[in-house]
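Since the structure comes first, as structure tokens, the remarks are kept for the end.
The values are calculated or read from the model by the stated rules, or taken from the named source; none is laboratory data. Keep in mind the model is a prediction, meaning the values are calculated, not measured. Cβ placement follows ideal geometry from the backbone for every residue including glycine, while neighbour counts extend to all protein chains displayed.
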Amino acid sequence: MLKDWKTSGCLINGDIATFKCLEVIFANILTIFVSLAVLALFAMLIMGGFRFLTSGGDPKAAGAARQTMTYAIAGIILMAVAYLVFTLIEAFTGVKITLFEIKTIQ
């Protein structure tokens with residue numbers, strides 16, 4: 001879910017953006033990139049499966065299709081492992097490395 005400017009508390013007087021709004025921008029960009037990566041990996045799986053089904057017994061085409069599906073699965077696993085590593089680092093150190101936050105002086 002994308003973050004909203006108004007509910008983030010980064011605006012002064014309701015309409016002037018501050019550096020704290022970079023948190024919202026960074027979070028939204030990250031959300032979009034992760035969503036696009038998942039969509040691309042899913043499309044690669046579908047494309048690899050379709051190419052495998054339409055290979056017509058050609059071992060070269062079937063191998064290329066298997067390789068496409070293997071890369072898609074490897075990408076999904078890599079994304080899951082990266083998330084797991086970040087979560088483990090947060091659990092062991094107590095440092096919120098997945099939270100982009102700009103400290104402000106009040």
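Only one of the listed residues (G49, G14) is assigned to a helix (DSSP H, G or I) and free of Cβ contacts under 8 Å to residues at least 60 places away in the same chain. That residue is G49.
Could you check, for segment 27-44, whether at least one of its residues is surrounded by fewer than 14 Cβ atoms within 10 Å (Cβ to Cβ), under 20 Å from K103 (Cβ atoms), free of Cβ contacts under 8 Å to residues at least 24 places away in the same chain and of a type in the set (G, A, S)? The answer is no; no qualifying residue exists. When L2 is tested against (1) under 15 Å from F100 (Cα atoms); (2) modelled with pLDDT of 95 or more, only condition (2) is not met.
Mind telling me which of the residues A65, A74 ends up being closer than 21 Å to A40 by Cβ and touching a Lys or Arg at 6+ places or on another chain (Cβ under 9 Å)?
A65
Residues being over 17 Å from the mean Cα position of the chain (by Cα) and either aliphatic (A, V, I, L, M) or exposed (fewer than 14 other Cβ atoms within 10 Å of the Cβ) (or both): count how many of those fall in segment 48-76. Lay out the reasoning, then the answer.
If we filter segment 48-76 for residues that are over 17 Å from the mean Cα position of the chain (by Cα), which is where we start, we get 48-70.
Next, from what is left, pick out any that are either aliphatic (A, V, I, L, M) or exposed (fewer than 14 other Cβ atoms within 10 Å of the Cβ) (or both): 50, 53-54, 56-65, 67, 69-70.
Selection size over segment 48-76: 16.
Of the residues making up segment 69-106, those that are in contact (Cβ under 8 Å) with a residue 40 or more places away in the chain and either in a helix (DSSP H, G or I) or within 22 Å of A37 (Cβ to Cβ) (or both) are M79, F100. M79 fulfils the conditions (1) surrounded by 14 or more Cβ atoms within 10 Å (Cβ to Cβ); (2) within 24 Å of D4 (Cβ to Cβ) except for a single criterion, (2).
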